[in-house]
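**Student:** After the structure tokens below, expect a handful of questions from me.
Read the figures in this text as sums done on the coordinates, not as results from a lab. These numbers were taken from a predicted model, which means no experiment stands behind them. As a convention, Cβ positions derive from the backbone with ideal geometry for all residues, glycine included, and neighbour counts pool all protein chains shown.
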Amino acid sequence: MPVFFENRDIVTPGDLLAEGNFEAGRNTYRVDSKIYACKLGLVEYKGRIVNVVALNTFYIPSVGDLVIGKIVEVNLHGWNVDINSPYLATLRASEAFNKPYKPQKNELSEILDIGDLVQAKIIAFDRTRNPLLTIREPGLGKITHGQIVKVSPAKIPRIIGRKGSMISILKKETHCNITVGQNGLIHISGRNAEDERIAVLAIKKIELEAHTSGLTDRVTEMIIKERGVK
Amino acid sequence: MAEKIKLIDENGIRTDGRKPDELRPIKLEVGVLSNADGSAYIEQGKNKILAAVYGPKEVHPRHLALPDRAILRCRYHMAPFSVQERKSPAPSRRETELSKVIREALEPAIFLERFPRTSIDLFIEVLQADGGTRAAGVTVASLALADAGLPMRDLVVACAAGKVDGYIVLDLNDIEDKEGMADVPVAYMPSIDAVGLLQMDGQLTPEEFEEAFNLALEGCRRIYELQKQSLKAKYLAIKESVEEAVEEK
Amino acid sequence: MTSTMISRIRQSQIAQLIASGKRLDGRELTEYRPIQIETGIIEKAEGSARVRLGKTEVMVGIKIELGEPFSDRPNEGVLTTNAEFVPLASPEFEAGPPGEDSVELARVVDRGIRESKAIDLEKLCIIPGKKVFVIFIDIYVLNHDGNLIDASALAALAALTNTKIFKYEVKDGNVEIKPGFEELPLMNFPVAVTLADIDGKLVVDPWLDEEEVMNARLTISFDKDGKICAMQKGGSGTLSPKQIIKAVKLAKEKSEELRSLVVKKA
């Protein structure tokens with residue numbers, strides 16, 4: 001049963017990855033017994049499943065995802081939120097408060113106005129309607145300080161790392177609070193501007209080199225070096 | 001009667017020094033515009049063409065949205081300074097036709113069903129034109145779509161062949177296109193052996209057409225390899241520099 | 001307003017029939033619908049024709065005027081082709097500037113006529129660089145039931161075969177129109193044949209419902225000597241190279257049939 005690449009090779013759309021008794025995993029598709037890549041990325045052969053880890057992608061909402069969004073519209077029943085996705089998300093007023101609420105437009109914009117940033121969770125999404133958000137859980141809500149970094153959503157898994165290994169190192173070494181939105185937006189809140197700057201640098205480095213190995217060590221080294229410069 | 005220009009000399013060499021089955025020099029670059037979701041740039045001979053993709057995103061106006069898939073909108077446009085005699089910026093009938101055939105070449109490549117109710121907006125701007133701009137436009141647009149992270153069945157590549165002074169030639173330049181006997185642009189997806197764009201103007205016997213068509217497909221396959229390389233280039237360069245740095249330790 | 005969109009059941013019905021070599025209207029896969037051609041119906045036009053291809057109906061009018069040549073072709077007359085998808089022809093057509101479909105249709109029909117050199121443009125030159133004949137081919141779609149390209153190309157050819165061009169005399173650098181007419185001489189007789197790919201099978205002359213189901217279409221124009229003078233793939237699907245070669249062979253045969261309807265002499 002032939003495979004045509006090695007693990008972690010870079011492949012392009014249309015590349016024939018495998019032929020025979022294989023299963024088409026992420027970012028691949030199947031025609032008869034042939035598995036092809038459908039995105040630019042790193043090919044991964046996991047037993048019989050062939051995946052492609054995309055190098056660049058946009059965010060498609062998934063129920064349960066933590067996302068960071070920006071309010072773009074206030075209306076009678078809630079807000080429309082840009083979550084860096086092809087689909088505009090909706091945050092209903094009922095999902096912003098724990099008590100029953102009677103909508104009045106003026107009041108809503110006092111709570112969240114156009115331009116405000118929020119940490120939210122996706123509670124519903126399917127092919128027939130736009131994603132619905134909630135900010136009712138602890139830790140969610142308006143973002144009042146810190147910085148936002150935007151990366152390609154494809155890099156989020158690498159920034160989090162296996163079992164959160166990369167993100168814990170980042171938090172520890174930069175002394176920052178870092179919340180990673182699945183939609184590619186990351187919120188950094190540190191003791192001071194310098195700590196936040198180093199965190200941003202580290203995240204950008206991971207985004208650029210996500211497809212290489214030995215990254216964790218290099219990022220740690222970089223952070224230590226940046227600190228030493230001061 | 002005006003002197004007829006000789007497009008191919010006795011040795012089979014063309015006006016720009018090429019042999020009949022030779023492509024013009026091609027340069028491809030991916031990810032050249034920071035605002036677009038995906039972008040790419042091509043130079044093919046004197047052609048200079050930029051492509052950018054915005055999307056998938058919400059459709060405006062809303063009534064154009066399709067419930068079960070994304071729509072692909074394509075605008076092929078030539079800059080006023082792209083040709084010898086200034087071209088008016090208003091869309092010409094030729095640009096309208098080319099926007100349509102280019103879109104129909106790229107649509108079958110994208111898994112549009114995965115993004116219902118959205119639109120993918122593709123812009124192809126010809127900054128300098130020297131024959132074969134629709135083929136080069138398809139080639140660069142396909143890279144912009146891949147750069148945007150859209151799921152695709154294959155890259156779409158395009159190339160033209162034709163008949164000039166009795167020879168069947170590959171990749172006609174502007175003067176060969178204008179003064180030659182026939183021009184056959186073809187867009188192709190090599191992995192799945194599918195033709196998405198095919199046009200012809202001029203006069204060819206069915207046998208000559210088959211020869212030109214097959215030559216165009218051959219040109220497509222060669223350009224396809226260049227497309228793949230250019231998509232990977234940025235990432236391979238990073239990988240190399242990282243591995244070098246590690247070795248130096 | 002009735003929609004021309006066809007139901008899923010009908011779509012699969014059409015596809016299934018074609019897979020077994022038949023079509024919903026009883027035709028063979030390689031058969032054209034009944035064709036009726038009338039010429040000379042609009043007396044105020046210099047040439048005209050109406051073609052009925054099944055229920056598709058297209059009228060073409062030819063108008064000839066005096067005008068200036070293009071700067072890069074001072075010794076040639078001007079040929080310009082335009083198509084209008086008249087709103088009464090289909091619930092899908094709206095009034096307004098030409099959409100991409102009508103632009104494409106006009107350009108494909110024009111290509112067939114131009115590249116086959118059916119009209120000797122140099123003969124239309126009166127005073128080089130200053131005055132030439134301008135031939136307007138206006139395609140008017142009256143009822144859309146599929147395959148507008150073939151119907152339009154046929155109507156354009158038929159209209160050209162009975163086009164009269166007025167006599168003139170050049171006096172002191174001015175063009176004076178004289179009484180009487182001449183027939184516009186035609187050097188070639190281009191004909192367009194469109195095939196549709198439905199689930200891998202090629203069908204000739206797709207009608208409206210088949211166009212909704214088809215994967216892609218290929219139009220090939222042939223001149224009187226069997227040379228290809230224009231080609232256009234249309235639709236959002238693809239064709240394999242093998243199919244394209246097959247289509248060319250089939251189209252060539254059909255083009256001879258179509259031409260014989262317009263051109264009575266050999």
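**Student:** What is the sum of charges, Lys and Arg at +1 and Asp and Glu at -1, for the other residues whose Cβ falls under 14 Å from the Cβ of C:PRO241? Write out the running numbers ahead of the final one.
**Tutor:** Values: positive: B:ARG221, C:LYS233, C:LYS242, C:LYS246, C:LYS249; negative: B:ASP193, B:GLU210, B:GLU211, B:GLU218, C:ASP197.
Value of the local net charge: 0.
**Student:** Tell me, what is the percent relative contact order of the range C:1-66, built from C-alpha pairs under 8 Å that lie six or more residues apart?
**Tutor:** Values: 68 pairs, mean separation 12.0, N = 66.
Relative contact order, the range C:1-66: 18 percent.
**Student:** Also: Given points 7 Å out from each Cα along the Cα-Cβ axis, report the B:GLU244 to C:ILE177 separation in nanometres with one decimal.
**Tutor:** 7.6 nm
**Student:** Which links in B:LYS27/B:LYS234; A:LYS171/A:LYS205; A:LYS39/B:LYS46; A:LYS155/B:LYS239; C:LYS55/C:LYS252 stretch past 19 Å when you go from one Cα to the other? Present the calculation step by step, with values, prior to reporting the outcome.
**Tutor:** On the way: B:LYS27/B:LYS234 14 Å; A:LYS171/A:LYS205 15 Å; A:LYS39/B:LYS46 30 Å; A:LYS155/B:LYS239 16 Å; C:LYS55/C:LYS252 24 Å.
Beyond 19 Å between Cα atoms: A:LYS39/B:LYS46; C:LYS55/C:LYS252.
**Student:** For the residue pair B:ARG222 and B:VAL83, what label-to-label distance in nm results when each label sits 7 Å from Cα along the Cα-to-beta-carbon direction?
**Tutor:** Result: 2.7 nm between the two label points.
**Student:** Looking at B:LEU122, B:MET181, B:GLY45, which one has the Cα that reaches farthest to the positive end of the dipole of the protein assembly as shown (charges on Cβ: Lys, Arg +1; Asp, Glu -1)?
**Tutor:** Looking along the dipole axis, the top candidate is B:LEU122.
**Student:** Summing Lys, Arg as +1 and Asp, Glu as -1, what charge do residues with Cβ under 10 Å from the Cβ of A:GLY78 carry, A:GLY78 excluded?
**Tutor:** Numbers: positive: A:ARG92; negative: A:GLU73, A:GLU95.
Net charge around A:GLY78: -1.
**Student:** For the protein assembly as shown, with only Lys/Arg (+1) and Asp/Glu (-1) charged at the beta-carbon, what is the dipole magnitude about the Cα centre, in debye rounded to 20? Show your work: numbers first, answer last.
**Tutor:** Details: 101 positive and 109 negative charges, 457 e Å.
Result for the protein assembly as shown is approximately 2200 debye, rounded to the nearest 20.
**Student:** Which chymotrypsin sites (Phe, Trp or Tyr not before Pro) does the range C:62-99 hold that lie in a coil by DSSP with at most 11 other beta carbons within 10 Å?
**Tutor:** Details: sites: C:PHE70, C:PHE85, C:PHE93; in loops: C:PHE70, C:PHE93.
Here the chymotrypsin sites (Phe, Trp or Tyr not before Pro) that fit, given the DSSP loop and packing criteria, are C:PHE70.
**Student:** Could you compute the net charge surrounding C:VAL103? Neighbours are other residues with a C-beta less than 13 Å from the C-beta of C:VAL103; K and R count +1, D and E count -1. Show your work: numbers first, answer last.
**Tutor:** Numbers: positive: B:ARG93, B:ARG94, B:LYS100, C:ARG107, C:ARG111; negative: B:GLU95, B:GLU97, C:GLU84, C:GLU100, C:ASP101, C:GLU104, C:ASP110.
My count for the surroundings of C:VAL103 gives -2.
**Student:** Neighbouring Cβ atoms within 10 Å as the yardstick, rank C:HIS144, A:HIS77, B:HIS60 fewest first. Could the numbers behind the result be given before it?
**Tutor:** Numbers: C:HIS144 23, A:HIS77 14, B:HIS60 10.
Fewest-to-most Cβ neighbours within 10 Å comes out as B:HIS60, A:HIS77, C:HIS144.
**Student:** Would you mind classifying the range A:10-54 by shape? Square roots of the alpha carbon gyration tensor eigenvalues, ordered a ≥ b ≥ c; an a/c under 1.5 is rounded, otherwise it is prolate if a/b is larger than b/c and oblate if not. Each step should come with its number before you reach the end.
**Tutor:** Details: a/c = 2.00, a/b = 1.32, b/c = 1.52.
Verdict is oblate for the range A:10-54.
**Student:** Over the range A:142-230, with a single point scatterer placed on each C-alpha, what log10 of the ratio I(q)/I(0) does the Debye formula yield at q = 0.25, 0.26 1/Å?
**Tutor:** -1.39, -1.50
**Student:** How many nm separate the modelled label positions at C:LEU250 and B:LEU236, each set 7 Å beyond the Cα in the direction of the Cβ?
**Tutor:** 4.2 nm
**Student:** Determine which aspartates and glutamates satisfy two conditions relative to A:LYS150: a Cα distance under 12 Å, and not lying fewer than 8 residues away in the same chain.
**Tutor:** Within the straight-line limit of under 12 Å, A:LYS150 reaches these aspartates and glutamates: A:GLU207.
**Student:** Follow-up. Counting other Cβ atoms within 10 Å, which chymotrypsin sites (Phe, Trp or Tyr not before Pro) in the range B:100-179 have at most 16 and lie in a DSSP loop?
**Tutor:** Working: sites: B:PHE111, B:PHE123, B:TYR167; in loops: B:PHE111.
Answer in residue order: B:PHE111.
**Student:** Evaluate the relative contact order of the range A:10-54 (contact order divided by residue number), counting alpha-carbon pairs under 8 angstrom at least 6 apart; express in whole percent. Walk me through the numbers before you get to the answer.
**Tutor:** On the way: 111 pairs, mean separation 19.3, N = 45.
RCO, the range A:10-54: 43 percent.
**Student:** By a straight-distance test (C-alpha under 13 Å), which aspartates and glutamates pair with A:LYS46 as possible cross-link partners, with residues fewer than eight away in the same chain excluded?
**Tutor:** A:GLU6, A:GLU23
**Student:** So, one more: For chain C, what does -39500 (n - 2.57) per DSSP helix run (n ≥ 4), summed and divided by total residues, give at 222 nm, in deg cm²/dmol to the nearest 500?
**Tutor:** Details: 5 runs with 70 residues, N = 266.
When only DSSP H runs of four or more count, the value is -8500 deg cm²/dmol.
**Student:** Quick one: of the DSSP bridges fully inside the protein assembly as shown, what percent are antiparallel, nearest 5? Mind dumping the intermediate values first?
**Tutor:** Numbers: 140 of 160 bridges.
In the protein assembly as shown, approximately 90 percent of DSSP beta bridges are antiparallel ones.
**Student:** Counting only GluC sites (Glu not before Pro) that are in a DSSP loop and have at most 10 other C-beta atoms within 10 Å, tell me the longest site-free stretch of chain B. Don't skip to the end; give the middle numbers.
**Tutor:** On the way: sites that count: B:GLU3, B:GLU10, B:GLU85.
With a cap of 10 other Cβ atoms within 10 Å, the longest stretch comes to B:86-249.
**Student:** Suppose only helical runs count, i.e. DSSP H with n ≥ 4. What mean residue ellipticity at 222 nm does that imply for chain B under -39500 (n - 2.57) per run, divided by all residues and rounded to the nearest 500 deg cm²/dmol? Please list the in-between numbers first.
**Tutor:** Values: 4 runs with 78 residues, N = 249.
Rounded to the nearest 500, the figure is -10500 deg cm²/dmol.
**Student:** Given contacts defined as C-alpha pairs under 8 Å and at least six residues apart, what's the relative contact order of the range B:26-235, whole-number percent?
**Tutor:** Details: 487 pairs, mean separation 45.9, N = 210.
Here the relative contact order equals 22 percent.
**Student:** Give, in whole angstrom and from largest to smallest, the semi-axes √(5λ) of the equivalent ellipsoid of the protein assembly as shown, with λ running over the eigenvalues of the Cα gyration tensor. Walk me through the intermediate numbers first.
**Tutor:** On the way: eigenvalues 603, 177, 130 Å².
Ellipsoid half-lengths, sorted descending, are 55, 30, 25 Å.
**Student:** Would you mind checking A:LYS34/B:LYS232; B:LYS178/C:LYS171; C:LYS22/C:LYS264 for any pair whose Cα atoms are more than 27 angstrom apart? It would help to have the intermediate numbers written out before the result.
**Tutor:** Values: A:LYS34/B:LYS232 22 Å; B:LYS178/C:LYS171 35 Å; C:LYS22/C:LYS264 31 Å.
Flagged as over cut-off: B:LYS178/C:LYS171; C:LYS22/C:LYS264.
**Student:** Enumerate the aspartates and glutamates that C:LYS164 could reach by cross-link, defined here as Cα to Cα under 15 Å, with residues fewer than 8 away along the same chain left out.
**Tutor:** Within reach: C:GLU43, C:GLU46, C:GLU65, C:ASP120, C:GLU182, C:GLU183.
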